[in-house]
1. Given R₀ = 35 Å, FRET efficiency for R261-A56 by Cβ-Cβ distance, to 0.05?
2. Evaluate the relative contact order of the chain (contact order divided by residue number), counting alpha-carbon pairs under 8 angstrom at least 6 apart; express in whole percent.
3. Identify which of R109, R130, R39 has the largest mean-square fluctuation in a Gaussian network model of the chain, with springs joining Cα atoms closer than 10 Å.
4. Quick one: 3J(HN,Hα) in Hz for the range 217-232, Karplus 6.51/-1.76/1.60 with θ = phi - 60°, rounded, Gly and Pro as x.
5. Mean-square fluctuation check for the chain, GNM, Cα pairs under 10 Å: which of P206, P179, P55 is largest?
6. In whole Hz, with x marking every Gly and Pro, tabulate ³J(HN,Hα) for the range 125-135 from phi via Karplus 6.51 cos²θ - 1.76 cosθ + 1.60, θ = phi - 60°.
7. So who's got an amide H within less than 5 Å of the one on E169, skipping anything under 5 residues away but keeping other chains? H placed 1.01 Å off N, in plane.
8. Lys and Arg at +1, Asp and Glu at -1: add these up for the other residues within a Cβ distance under 11 Å of G110 and post the number.
Amino acid sequence: MVSKTAWKRWTQFTTRRGRRKGGHVWVEGATLIAERVARGVFPVQVVWEAGCREPAWPGLRQGLEAKRVPVAEISRGQLAELADTETPQGVLGLFSFSPRVLDAAWAPRGSLVLLLDGIQDPANLGALFRCAAAFRVKQLVMSKDCADVFSPRTIRASAGNVFSVEGWEDASWDQVAGPLKKAGYRILGTAAAGSRDLEASLGEGPVAVMLGSEGRGIRPEGLAVCEAFLRIPLAPGVESLNVAVAGGIVCYRFSRQPWFR
């Protein structure tokens with residue numbers, strides 16, 4: 001039986017404001033929870049619905065209980081209230097997180113930094129984190145109006161990589177440009193009419209590449225800090241790519257450069 005106090009606390013983490021205030025987020029699914037545990041990061045609470053059929057759950061439950069992680073059985077209705085999917089997978093883990101808000105102490109890291117301008121779809125934002133992890137990109141920097149990094153939907157789309165890839169929020173591009181240029185980074189944008197073909201020579205690194213939303217592209221503030229623009233060659237009649245697909249191609253292309261570390 002879940003106490004009223006515990007339930008009130010748990011439900012506050014279903015909103016962005018509650019997550020940010022409390023520093024916790026519900027992660028859905030035994031697989032994602034198990035991946036975090038495998039990295040040595042344990043949830044502070046796990047809830048599950050009786051009859052959960054996830055194959056990974058029995059072994060995960062045993063391991064969690066051995067580590068004295070609180071595990072509580074709740075009803076299907078309660079699980080649906082905590083989860084943000086229409087058909088919850090049956091298990092939720094409550095993990096702590098600490099948002100990184102860009103400030104004067106920020107410094108770029110790695111051969112490639114992704115700059116994300118107005119990426120408001122959580123699925124696209126999560127997919128970009130997943131691409132970054134796949135191609136060893138260490139940092140993503142996001143404008144103030146990007147989607148919530150720690151929303152359950154972003155976390156799922158990232159396959160949990162929002163926790164492992166360094167993501168900096170609430171950036172303004174004039175604030176970011178100075179430290180990048182001081183550290184020797186070239187700042188490039190992406191555009192359908194870009195003058196530099198992504199298949200051509202990309203020059204030396206390190207590089208910061210800006211990606212804009214599909215609808216608007218990179219906005220004027222972002223355009224102002226870019227020194228050149230890349231284009232991805234597309235077949236005739238294809239106007240553009242999904243931003244996460246474009247970001248994946250950019251990450252792959254730069255990861256193949258001899259200077260990439």
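1. On the way: r = 34 Å, r/R0 = 0.98.
That gives a FRET efficiency of 0.50.
2. Working: 491 pairs, mean separation 46.8, N = 261.
Relative contact order of the chain: 18 percent.
3. R39
4. Once θ is set to phi - 60°, the couplings for the range 217-232 become x, 6, 7, x, 4, x, 4, 5, 9, 7, 8, 7, 10, 9, 10, 9 Hz.
5. The residue with the greatest mean-square fluctuation here is P55.
6. Ordered by residue, 3J(HN,Hα) equals 4, x, 5, 5, 5, 5, 4, 4, 5, 5, 10 Hz.
7. R100, V101, L102, M142
8. With Lys, Arg at +1 and Asp, Glu at -1, the neighbours total +3.
No lab work stands behind these numbers, since they all come straight from the coordinates. Worth saying up front: this structure is predicted, and the values here are computed from it rather than measured. Positions of Cβ are generated from backbone atoms using ideal geometry, with glycine treated the same way; all protein chains shown enter the neighbour counts.
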